[in-house]
Every structure is written in C-alpha cells, then in structure tokens.
Amino acid sequence: MAQVQLTVNGRAISRDVEPRTLLVHLLRDALGLTGTHVGCDTSQCGACTVHMDGRGVKSCTVLAMQADGSTVTTIEGLSTDGSHALQRAFKEEHGLQCGFCTPGMIMSAADLLARNANPTEHEIREALEGNLCRCTGYHNIVKAVQTAARTMQNA
Amino acid sequence: MYPAQFQYHRATSVQHALDLMAQHGDDAKVLAGGHSLLPVMKLRFATPAHLIDIGRVSGLSGISESGGTIVIGATTRHADVASSALIKAKAPLLAEVAGHIGDPLIRNMGTIGGSVAHADPSADLPAAMMALGATMELTGKGGSRQVSADQFFVDVFQTALGSTELLTAIRIPASSGACAYEKNPDPASGYAIVGIAVQLTTSGGKVSSARVAMTGLGPKPMRLAAVEAALAAGADAASAAAKAADGIAFIDDARGNASYKANLARVYTKRAIARAMK
Ligand SMILES: Cc1cc2nc3c(=O)[nH]c(=O)nc-3n(C[C@H](O)[C@H](O)[C@H](O)COP(=O)(O)OP(=O)(O)OC[C@H]3O[C@@H](n4cnc5c(N)ncnc54)[C@H](O)[C@@H]3O)c2cc1C
C-alpha cells in the first residue's frame, strides 16, 4: 500500500491505496464521487474527465499516486445541486440525452472557459475533441457551452 | 481495468531515478505522463514490477533558450510545448505538431520525452524531431551523451536509449516559420496514419535547404532524402513531392497496401511543402 494525499473539491484527503489504483477509482470507490464516470476505460471517451491542478485529464489513465499532492476537482466540485452555469446550460439547451458523457463534457468545457471566456464555435469543438457523446450529435453541447459562456461573462 | 500489481517509486531527482533504474533493472519501467504506458499496463501487455515516476523530478520539465538553441525538459507536457511563446516563435513546427497530438486532455498529461522515448511508429513528434534536427540528451550513471534524432529512432518502439539511461532533455536549433506538418489521423486513435513534417531554410525568398520527415508509414520515422535534395535544388512542391516514395519499401498491412501508402506519402508531402512555402 501507498499513501496518497490530495485535495478533492476543496477537501483534504488522505488514503492508503494500492499503487495501481487509478484516480477514477479513488474518486468513485474510495470517496464515493460517482459523478465521474468510467466509459471506454481506454483513454478515448473522456467520461472520466476531472481537473487536476486546474487542467482537464482523463482520470482512468492517471494513477492516484500521480495525483498525490494535487488539487482535483470533479463534477461534484462545480456544484452539487446543478446550479453551475454549465450544468444549467446543458439542461436548457438539451446538451444531453442519456447523460453518461455529461460530467466529462462539462469538466472539459469548464477547463476551456477558465482559459478562454469567449471561445468561438471552432474552439469549443476542438476543446471537446477528447469527449465522446453517442446521443446528441454534439450540436446542442456546443450551444450549451456558448450559452454558459455568455452567462458566466455577464455574471 | 486495473494494471497488474507493481511497486511505485517517486524519483526526486535524475540521480535518484537512475539509482532506482540500476537497482530494479528490467523489472522496472519509467513513468512520465503515463499516456502510453498505463493503457498497455491496463491491458496487461506490460506488467512491470516497479514503476519509477519521474513526473515530479524538478529540473526535468520546462522550456528555455540558450545561444540559439531551444532546450525542452523531457517531462514537459504536450500542452505546454504547444502553447509556449518561445516555441511558437523559435520552433513553430514543434508547436504545430504538439498541438495535434490526440486531444486536449491527452496533451495535458503526455510528455515530449515520453512520446519520443516510446517511439511509437505512428507518433507525431518523432517526425518533428527529425525535421527540426533535434538532439536527445541521454543521461546515465556515467553522465550525459547527445544523440541526433536521425540516430535516435532505431526500430518499432526501439531507440538508442540504453536500459539504464533516461532521456533528460531535447535540444532544437531555432528555426523559421517556413514549416508545416500535414497529418492524416487515424479516425479512432488520432495517431498518424501518415504525418509529414517539413522545415525549410530560405534565403532571399528561395529554399536553400530542407528537412522533410515522415511518420506512420514505416517501422520508424524517416527523412525523405530525395525530396530534400529536390527542394534544395529549387524544385517546386509538386515535383519534389513526387519523389516522396522513392527508395522506400512500403509493406502491405491492415492499414493499406504498399502502393496506397506510397501515394499517401506523395500527397501529404506535397501538401506539407506547399504550406511551408507559403
Ligand atoms: C487516447 C490517446 C490518443 C493519443 N493520440 C496520440 C496522437 O495522436 N499522436 C501521438 O503522437 N501520440 C498520441 N498519444 C500518445 C501520447 O502522446 C503519449 O503521451 C506519449 O506517447 C507518451 O508520453 P507519456 O509522457 O505519457 O509517456 P509514458 O506513457 O509515461 O511512457 C512511455 C514510455 O516511454 C518511457 N519513458 C517515458 N519518459 C522517459 C524518459 N524521460 N526517459 C526514458 N524513458 C522514458 C516509459 O518507460 C514508457 O516505456 C495518444 C495517447 C492516448 C492515450
């Protein structure tokens, strides 16, 4: 076992883990943060996207030990009641159907908006390249990000 | 999917990493961003007993310039390479190539040294390393040695790195904006089916020399010598690119037959040269 210490959604965490524990399993199984999903499990689909030290990463391809000392934000860290501008916009613009990819989509979009408050449609599509959705055809996801960007700029 | 069990070691310095590598020998693997290694460990294609994490070694990451040479630490992330003002100004080809690796999330974890050391025959950076005339700094117990990109890539997943050596830095001579990378990405993985990196040196509006390198279509990246010679002799994009498959023995495989690959090489070489000349 190895000890991992990190900050998750503002809370200091310390756990003993097997070194092979992936960050996504630490979040879901040890911390109960099941908003972060495991989709393809092969680093393609992005359903497991969280922020590590302020950047989007695929947590199925990061060892918990690699996150030692880091600050991690999951979808639950944006808001627990769905009130974050991105969460509301995904609902309003029908940016989801089954919802499986949504937490990862929103975390990637949040990463983008933190660096670029007013992205073009092209920039949004490029930023979401690592997140796959099999329901929406992406169109309403892009609209949701645009809507959230406007809301956040006016806030 | 979990990888098989292993012991985890966090290296605190290059020396510490080298000590751990010497101690554990072939049972150990170096871990940088983990974006090539962890996927193969999850599939149990690799089952190292020890992982030596170099991700936090101070001094192994970062971008600087010294006397016209850009020095990039091995654990510098693709995203930081792609967005670096210094690299955009002094090695724009590298910024372009790094910005086309996988997707933004992959680029936030993957490192330049990890990609180069892994030497995937479909990876993007190896072609850029050759076109830019990069030099790899390989550090072992006895000190460091410099190996040119042309000598570094040996075969599929094989490089000049010794088993107890670490790739510590990459050095690139400053270069101009007369460059381009044209890639045909595999629709599923994003890796290059073919990628052509072109770096031209111009004087008085004319090409005085050229470095053209190809990834994806063979066991390792390669320079396209006939294309380079044609460009240096004043050929235009179309006639230089017509030589892109000259002297190369492409093989038939799942990605296509030899004549298809030769055609891909010519088409993407032409596109890359034409854009580099603009
Ligand atoms: C979904 C997905 C899509 C991708 N798409 C692309 C793509 O389009 N193009 C592309 O080029 N790549 C792509 N990649 C690969 C990506 O660029 C990897 O990050 C990179 O190949 C490996 O870098 P790493 O830092 O993650 O290395 P790791 O996975 O940590 O290590 C890779 C190998 O190199 C060794 N190693 C690492 N660093 C050193 C060092 N400093 N010295 C000696 N040995 C070292 C390790 O022991 C290991 O064997 C993709 C990866 C994924 C998961």
Gap separating the Cα centres of segment B:203-226 and segment B:1-33, nearest whole Å: 36
J(HN,Hα) series, segment A:42-48, from Karplus relation 6.51 cos²θ - 1.76 cosθ + 1.60, nearest Hz, glycine and proline x: 10, 6, 9, 8, x, 5, 8
Global size of the protein assembly as shown as Cα Rg and Dmax, reported in angstrom: 22.3, 67
Highest-first arrangement of B:59-70, A:105-116, where packing means the average Cβ count within 10 Å: A:105-116, B:59-70
Coil-residue trypsin sites (Lys or Arg not before Pro) of segment B:130-213, DSSP, other Cβ within 10 Å capped at 15: B:Lys141
For A:124-131, mean number of other protein chain Cβ atoms within 10 Å: 3
Under 21 Å from B:Lys141, Cα to Cα: lysines that are on another chain or at least 8 residues apart: B:Lys29
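Average partner chain C-beta neighbours within 10 Å, per residue of A:49-61? Each step should come with its number before you reach the end.
Working: counts 3, 1, 1, 2, 1, 1, 7, 7, 7, 8, 1, 4, 12.
For this peptide, the per-residue mean of nearby foreign Cβ atoms is 4.
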Above-threshold pairs, the threshold being 22 Å between Cα atoms, out of B:Lys183/B:Lys270; B:Lys220/B:Lys243; A:Lys143/B:Lys183; A:Lys58/B:Lys42; B:Lys206/B:Lys270: A:Lys143/B:Lys183
Distance from segment A:136-155 to segment A:1-49 (C-alpha centre basis), Å: 28
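Averaged per residue, what accessible area in Å² does segment A:85-154 show with a 1.4 Å probe, protein chains only? Walk me through the numbers on the way to the answer.
Details: 3620 Å² over 70 residues.
Per residue, segment A:85-154 has 52 Å² of solvent-accessible surface.
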Spacing of the two label points (7 Å from each Cα toward its C-beta) at B:Arg275 and A:Glu123, in nm: 2.1
Shielding by partners - mean other protein chain Cβ count within 10 Å, residues of B:49-55: 2
Under 5 Å, built H, 5+ apart or other chain: amide partners of A:Leu63: A:Leu23
Carbon + sulfur, % of accessible area of chain A - ligands and nucleic acids excluded, 1.4 Å: 46
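Just to be sure I understand the rule: take each whole DSSP H helix in chain B, project its Cα atoms onto its long axis, keep it if the span is 20 Å or more and its mean Kyte-Doolittle hydropathy is at least -0.5. Which ones pass?
Once both thresholds are applied, what remains is B:258-277.
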Gaussian network model of chain B, Cα within-10 Å springs - most flexible of B:Ile248, B:Ile196, B:Ile172: B:Ile248
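Given a Förster radius of 56 Å and the C-beta distance between B:Ser148 and A:Arg134 as r, what FRET efficiency does 1/(1 + (r/R0)^6) yield to the nearest 0.05? Please report the intermediate quantities before stating the final value.
Working: r = 45 Å, r/R0 = 0.81.
That gives a FRET efficiency of 0.80.
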Rg and Dmax [Cα atoms of segment B:179-277; Å; Rg one decimal, Dmax integer]: 13.1, 45
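Rolling a 1.4 Å sphere over the protein heavy atoms, what is the accessible area per residue of segment B:179-277, to the nearest Å²? List each step's numbers first, then the result.
Details: 4370 Å² over 99 residues.
Heavy-atom SASA per residue in segment B:179-277 reads 44 Å².
Note the full-extension length gain between B:Ser83 and B:Arg56 as 0.36 nm times their separation in residues minus their Cα-Cα distance, in nm to one decimal. Provide the component values of the computation, followed by the final result.
Details: separation 27, 0.36 × 27 = 9.72 nm, distance 2.08 nm.
Between B:Ser83 and B:Arg56, full extension yields an extra 7.6 nm.
Listed highest first by mean packing, meaning other Cβ atoms within 10 Å per residue, what order do A:5-16, B:125-136, A:62-73 come in?
Details: A:5-16: 13.4, B:125-136: 27.2, A:62-73: 22.0.
Top to bottom by mean Cβ count within 10 Å: B:125-136, A:62-73, A:5-16.
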Span from the segment A:54-111 Cα centroid across to the segment B:94-131 one, whole angstrom: 26
In segment B:97-171, chymotrypsin sites (Phe, Trp or Tyr not before Pro) in a DSSP loop with at most 16 other beta-carbon atoms within 10 Å: B:Phe157
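The values are calculated or read from the model by the stated rules, or taken from the named source; none is laboratory data. Note that the structure is predicted; figures quoted are calculated from it, not measured. Cβ: placed from backbone, ideal geometry, glycine included. Neighbour counts: every protein chain shown. For the accessible areas, the whole protein counts, side chains as well, though only heavy atoms, and no ligand, DNA or RNA atoms are used. Shrake-Rupley method; radii C 1.70, N 1.55, O 1.52, S 1.80 Å.
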